[in-house]
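To keep things clear, I will list the structure first and then write my remarks on it.
Taken together, the values in this text are just the output of simple stated rules run on the coordinates, not laboratory data. Here the structure is a predicted model, which means the values were calculated and not measured. Please note: Cβ atoms are built from the backbone with ideal geometry, for glycine as well, and neighbour counts cover all protein chains shown.
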Amino acid sequence: MRTLYCRHDHCGKPYDSIAGDQPHICPACGLAAHWTTDPQYRVKVRSRQKGPRVPFDLTFNDRRLLKAARIAVDG
């Protein structure tokens, strides 16, 4: 038997895996399972509504590439 821990930041609950049995969904939080054997190793959930971590200005080549791909450039 091996104790696995859910890697989701808000969960981290242990699960006792017997003979390599690992559920695809964490029984504690109900999210897609990401297991680890280290209880300190958790992944912080990042919201998809946030902007890029480092904002940058588009160069001439960036704008040209987006235009060629028919992608509208904001601003």
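Output the residues belonging to the stretch 10-41 that are part of a loop (DSSP other than H, G, I, E, B) and acidic (Asp, Glu).
Keep residues of the stretch 10-41 that are part of a loop (DSSP other than H, G, I, E, B), which gives 10-13, 18-24, 26-31, 33-34, 37-41.
If the condition is that a residue be part of a loop (DSSP other than H, G, I, E, B) and acidic (Asp, Glu), then Asp21, Asp38 are the ones that fit.
Of all residues in the stretch 20-37, those that are over 14 Å from His8 (Cα atoms) have Cβ atoms under 9 Å from Cβ atoms of residues that are basic (Lys, Arg), 6 or more apart or on another chain, in Gly20/Arg2.
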